[in-house]
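Chemist: Once you've had a glance at the structure underneath, I'll fire off some questions.
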Amino acid sequence: MEKQNLDWSNLGFEYRPIDKRFISNYKDGAWDEGTLSDDPEVRINECSGILQYCQEVFEGMKAYSRKDGSVVIFRPEMNAERMANSAEYIAMPPYPVEKFVEACDAVVKANLSWVPPYGSGASLYLRPYMFASGPVIGVKPSDEYQFRIIAMPVGPYFKGGAKPLSLVVSDFDRAAPHGTGHIKAGLNYAMSLHAYVDAHQRGFDENVFLDSATRTYIEETGGANFLFVTKDGEVVTPESHTILPSITRRSLMIVARDILGLKVSERPVKVDELKDFAEAGLCGTAAVISPVGKITYKGEEIFLPSGMKEMGPITKKLYDTLTGIQSGDIEAPEGWIHVVHPGK
Ligand SMILES: *Cc1c(COP(=O)(O)O)cnc(C)c1O
C-alpha cells in the first residue's frame, strides 16, 4: 500500500478532506444502504433541523497501524452504542450498531493510504456524526437525517509529550441535572465555548465543571473525563449522571483494576477533595490521558503533588498500558481490538 506523501510525525489535530467519506440518509422512516462519496460538501435545505434547532450527535475514534502492518480500531461498537443512545435522547433515529461498525471499516479501507504508519505517533481520526437534514420550522424533530463518517490523519494530541495542564473550576455550568450532559451532542459543546474562551483568556488550559445542582462535586471538563489517584494509590473517577461516559476512561478503569491490580472506585468526588489527591488526568480518545498539574478554585491554586513537569507515576503506567494495548505491544482484553485490515 502506497502511503500519501505527508510529514506523518508532524501532523496537527486539524480537519483535512481526504478521499472518501460514508454517507447514509434517513427518509420515510428508514436508513438507506449508504455509500462512499468523494464529495466533502453537504447540501441541505435552508430550514434543516440542524440549522434551526441543533439536532446533532457525534462520535470520535481512531484507526491506527500496528507493527505487523494491520490497521485496527479500538472498541468501535462502544462508540456505535453510545451514538445510538445519544441519538434517541434528542429524538433522532439511532443508526444500527452493526452497520455503524461496518461503515467505519468501509471508510478506513477506502482511505488506507491516509492511515499514518506505525511508529509515527499519528492515527486516522474517525468522526461519525448525524444531523437533522429535513426542514422544520415549528419545533419538532425532523423527518429526515443524514449520518456521515469523515476521517482525517491527525498527530498525537500533545506534540513532544504531555505537559501537565493548568485547569480552572468554572463559574459556568456544563450540564443541567436532568439534561443532556451524558450524551455526545454538539449542543453541549456550543454552550461550553464561551466558558472555554474565557478560561483561555485567563491563561488556563481547560475548565473543570461542577455539578450544576449543588456546585460541590467534580464532573468533567468540556470534552474529557477525570481520573484521580489518591495518595495511597487508588484510582478514583467521579460518578454522575450528567457526565459523558468516556470510553477511554471506562477502559482505563478496567486496565487499572484487572491489569495493574490497583484499587479503583467510581464515586461522587467533592471539589474540596482536590487537595487530597496525588495525581489527576483527563481522559479522552484524542490524548488518552492528559496529566493535570494544577487546578485553580475560587482564586486558590491547588498543585497536584505530581507537579507541572511530567505525568504522575500511576497516570503514566495507565497511559503506557492502554497505549501498549492499542498498538499491540501488550495483549488486549477480549474484544477490545477490532481489525479492519489484516497485517502480514
Ligand atoms: C467525547 C467526550 C469525552 C471523551 O470520551 P472518549 O470516548 O474517551 O473519547 C469526554 N467528555 C465529553 C463531554 C465528550 O464529548
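The values are calculated or read from the model by the stated rules, or taken from the named source; none is laboratory data. The shown structure was predicted, so the numbers you read here are calculated from the model rather than taken from an experiment. Here Cβ is always computed from backbone atoms with ideal geometry, including for glycine, and neighbour counts include all displayed protein chains. Quick note on the areas: whole protein, heavy atoms, side chains included, nothing else; ligands and nucleic acids left out. Shrake-Rupley method; radii C 1.70, N 1.55, O 1.52, S 1.80 Å.
Chemist: For a quick check: with amide H placed at 1.01 Å from N, whose amide H comes under 5 Å from Glu144's, ignoring anything fewer than 5 positions away on the same chain?
Modeler: Residues meeting the amide H criterion: Ser133, Gly134.
Chemist: Once the other residues with Cβ under 14 Å from the Cβ of Glu310 are scored (Lys, Arg +1; Asp, Glu -1), what is the net sum? Numbers along the way, then the final one.
Modeler: Values: positive: Lys163, Lys294, Lys309, Lys316, Lys317; negative: Glu279, Asp320.
Counting the neighbours of Glu310, the net charge comes to +3.
Chemist: Between Asp232, Asp19, Asp198, find the one with the highest GNM mean-square fluctuation for the chain; connect C-alpha pairs within less than 10 Å.
Modeler: Asp232
Chemist: Quote to one decimal, in nm, the extra length available between Gln201 and Leu6 on full extension: 0.36 nm per residue of separation minus the C-alpha distance between them.
Modeler: On the way: separation 195, 0.36 × 195 = 70.20 nm, distance 3.33 nm.
Fully extending the segment from Gln201 to Leu6 adds 66.9 nm.
Chemist: Moving on. Pull up all non-local amide H partners of Val269: gap of 5 or more, or a different chain, and H-to-H distance under 5 Å with H placed in the peptide plane.
Modeler: Ile218, Glu239
Chemist: Accessible area per residue of region 185-273 at 1.4 Å probe, in Å²?
Modeler: Working: 3920 Å² over 89 residues.
Normalised by residue count, the accessible surface of region 185-273 is 44 Å².
Chemist: Still on this structure: Accessible area of Lys317, 1.4 Å probe, to the nearest 10 Å²?
Modeler: Its heavy atoms expose roughly 120 Å² to the probe.
Chemist: Would you kindly derive the ³J(HN,Hα) couplings of region 165-177 from the backbone phi angles with the Karplus curve 6.51 cos²θ - 1.76 cosθ + 1.60 (θ = phi - 60°), listing them in order in whole Hz, with x for Gly and Pro?
Modeler: Karplus-based 3J(HN,Hα) across region 165-177 equals 8, 10, 10, 10, 6, 6, 7, 8, 9, 9, 9, 6, x Hz.
Chemist: Still on this structure: Could you grab the relative contact order for region 234-311? Cα pairs under 8 Å, six or more apart, rounded to a whole percent. Display every interim value, and only then the final one.
Modeler: Working: 99 pairs, mean separation 20.7, N = 78.
Normalised by residue count, the contact order of region 234-311 is 27 percent.
Chemist: Go through region 41-50 residue by residue and turn each phi into a ³J(HN,Hα) via Karplus (6.51, -1.76, 1.60, θ = phi - 60°); whole Hz please, and just put x for glycine and proline.
Modeler: 9, 9, 10, 9, 5, 5, 10, 4, x, 4
Chemist: List the residues whose amide H sits under 5 Å from the amide H of His341, counting only those 5 or more places along or on another chain, with H placed 1.01 Å from N in the peptide plane.
Modeler: Under 5 Å from the amide H of His341: Val71.
Chemist: Working with all protein chains in place, sort Arg257, Arg250, Arg43 by solvent-accessible area computed with a 1.4 Å probe, largest first.
Modeler: Descending accessible area places them as Arg43, Arg257, Arg250.
Chemist: I'd like the accessible area for Arg202, computed on protein heavy atoms only with a 1.4 Å probe and all protein chains in place. Round to 10 Å², please.
Modeler: That residue has around 130 Å² of solvent-accessible surface.
Chemist: Over region 113-186, what relative contact order in percent results from Cα pairs under 8 Å that are six or more residues apart? Mind showing how you got there, number by number?
Modeler: Details: 67 pairs, mean separation 20.1, N = 74.
RCO, region 113-186: 27 percent.
Chemist: Just subtract the alpha-carbon distance of Leu36 and Ala91 from 0.36 nm times their residue separation and send over the number in nm, one decimal.
Modeler: Details: separation 55, 0.36 × 55 = 19.80 nm, distance 2.61 nm.
Gain on stretching Leu36 to Ala91: 17.2 nm.
Chemist: Sorting check: for 121-129, 276-284, 90-98, which peptide has the highest mean count of neighbouring beta carbons within 10 Å, and how do the rest follow?
Modeler: Values: 121-129: 21.6, 276-284: 23.7, 90-98: 17.1.
Those peptides, ordered most packed to least, come out 276-284, 121-129, 90-98.
Chemist: Also: Calculate, for region 19-177, the solvent-accessible area per residue in square angstrom, rolling a 1.4 angstrom probe over the heavy atoms of the protein chains.
Modeler: Details: 6830 Å² over 159 residues.
For region 19-177, the solvent-accessible area averages 43 Å² per residue.
Chemist: Give me the percent of accessible area attributable to carbon and sulfur for the chain, probe 1.4 angstrom. Intermediate values should be presented prior to the final figure.
Modeler: Values: 8220 of 16060 Å².
Taking all protein chains in place, the chain shows 51 percent carbon and sulfur surface.
Chemist: If I take the Cα coordinates of the chain and project them onto the principal axes, what are the three extents in Å, biggest first?
Modeler: If we take the Cα atoms of the chain, the spans are 55, 55, 36 Å.
Chemist: Continuing with the same structure: Based on C-alpha coordinates, I'd like the Rg and Dmax of region 11-143, in Å.
Modeler: So, for region 11-143, Rg and Dmax equal 16.0, 55 Å respectively.
Chemist: OK, next. Helix-only estimate, please: 222 nm mean residue ellipticity of the chain, summing -39500 (n - 2.57) across DSSP H runs of length 4 or more and dividing by its residues, to the nearest 500. Don't jump to the answer; show the numbers that get you there.
Modeler: Numbers: 7 runs with 70 residues, N = 344.
About -6000 deg cm²/dmol.
Chemist: In nm, to one decimal, how far is the Glu14 label point from the Lys270 one, both placed 7 Å along Cα→Cβ?
Modeler: 4.7
Chemist: Could you run the Karplus curve 6.51 cos²θ - 1.76 cosθ + 1.60 with θ = phi - 60° over region 32-37 and give me ³J(HN,Hα) per residue in whole Hz, x for Gly and Pro?
Modeler: 7, 4, x, 8, 8, 9
Chemist: Ranked from the most accessible area to the least, with a 1.4 Å probe and all protein chains present, what is the order of Asp143, Asp173, Asp28? Present the calculation step by step, with values, prior to reporting the outcome.
Modeler: Numbers: Asp143 105, Asp173 65, Asp28 145 Å².
Largest accessible area first, the residues go Asp28, Asp143, Asp173.
Chemist: Percent relative contact order of the chain, based on C-alpha pairs within less than 8 angstrom and at least six residues apart?
Modeler: On the way: 753 pairs, mean separation 66.6, N = 344.
Relative CO of the chain lands at 19 percent.
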